[in-house]
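The values are calculated or read from the model by the stated rules, or taken from the named source; none is laboratory data. No experiment lies behind these values; they were computed from the predicted model shown. Cβ coordinates were reconstructed from backbone atoms using ideal geometry, including for glycine residues, and neighbour counts include every protein chain displayed.
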Amino acid sequence: MIQYNILLISFLVFFLISSFSRWSLTRINVAHLRKFGHNVPEVFKGEIDSETLARMTDYTVDSSRVGSFASFADDIVLLLILLSGFLPWYVNIIFSCKLNFVLSGLIFFAAPALIGFIVKIPFNLYSTFVIEKNYGFSTISMKLWIADLIKNLIISVVMGGILLGSFLVLIHFAKTTWWLWGWFLFASFQLLILWLYPILIAPLFNKYEPVRDQDLKDKIISIMGKAGLKIKGVYQIDAGRRSKHTNAYFTGLGKTKRIVLYDTLLASHSGDEILSVLAHEAGHWKKKHIMKQLAVIEALSFFVFFIAYYLINWSFMYQTFGFDQNISYVGLFLLSALFKPISFFFTPFMSVISRKFEVEADTYSNQLTGSTKHLSSALKRLAKDNLANLYPHPLYAWFYYSHPPLIDRIEYLQRMDDN
């Protein structure tokens, strides 16, 4: 039976505070946009008109509303799983099957994960086929959407099963050092996925082919060479099969490092704009931002694994949620639930680091290309094409934004050119 003690009350307080904070941040962001979103910013004059700005506002408001409902549903489901007595009942069923520890743990985690996966489906459907369709973005067919859903489920099951299964083996056999080996496994797994993603996972969803514009490809290789980066390939993908959103990114690690351009980006941006965006991405690699972010994540995860080691046998935690014995895989799940509201408050810490890196990458792009003119132009076009929010609330942007707000960013780029 669930015990309403100091631990549960403290968890519920933190959980409600984080949920209310998330909801409040979204509300003030939408209110701020509605108040100021009818004035075309000075740096965007000539690029967008009042009608486009109104669509930008409406898109952000509608997307935010769906996102809030999805987050609320996710919170409700987690609380129901924790407080309904479902977990102790489910564990008794697993025990009756007399399975080994690792298989029992995998089955235990499967049910909450599947419930969460199913709950997200209606919101993803509505976002894709109503919101995105209404604003002219979504081009995906229902058949392709279902195929993507199944692929994502399979990948999640395989990769999650391998990682979780490995953790359970370590917990079972390395009782005093599992947390250290588990942390090392987690860190290694992240690097492995970063290396494998462009050659194993991404091609399951998109068709990759060398950029057809040979002149653009040569210019990309040239500017990357100027940055001291050896790129194994410059690819374009058929992103337009799913959405009209535009993007470009670096991916991979070591020999799998490659540049990826959306076909929608190639169709809507000039060659100079594309080169400026890639010069910015080259700045991330040159400044080792990806590895620095990974280092921060690994340092935090080291601390989390260390704390988990000391709490996983905490009988009071198990009793609080209705268990009459300590079961390590149950402990892992309970700890992940307890850490969830706490981890929310680390979001601005990561956001601040990310924004700092973005400014450094913008500065490097200027150094590499000799001007910020084309990057500013590209950002304006990206904002217009993707209906970006030009008026985020400062607190919302500070908390969530991985990039500086667009107006601030473009003004910074223009000041660099003026100097």
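Yes or no: ILE220 surrounded by 18 or more Cβ atoms within 10 Å (Cβ to Cβ) and farther than 17 Å from ILE274 by Cα? Criteria not met by ILE220.
Of all the numbered requirements in (1) surrounded by fewer than 20 Cβ atoms within 10 Å (Cβ to Cβ); (2) assigned to a helix (DSSP H, G or I); (3) of a type outside the set (A, V, I, L, M), PRO404 misses one, and that requirement is (2). Contact map, the range 70-81: residues that are loosely packed, with under 15 Cβ neighbours inside 10 Å paired with residues that are among the hydroxyl-bearing types (Ser, Thr, Tyr) and in a helix (DSSP H, G or I), Cβ distance under 8 Å, separation 6+ or inter-chain. Pairs shown: PHE72/SER19.
When restricted to residues that are touching a Phe, Trp or Tyr at 6+ places or on another chain (Cβ under 6 Å) and outside any helix (DSSP H, G or I), the range 80-109 contains 0.
Restricting attention to the range 59-69, the residues that are over 20 Å from ILE118 (Cα atoms) and either without any contact (Cβ under 8 Å) to a residue 60 or more places away in the chain or not in a helix (DSSP H, G or I) (or both) add up to 2. Going by what's in this entry, would LEU106 be described as modelled with pLDDT of 95 or more and assigned by TED's automatic domain parsing to the domain that holds ALA295? For LEU106, the condition - modelled with pLDDT of 95 or more and assigned by TED's automatic domain parsing to the domain that holds ALA295 - is met.
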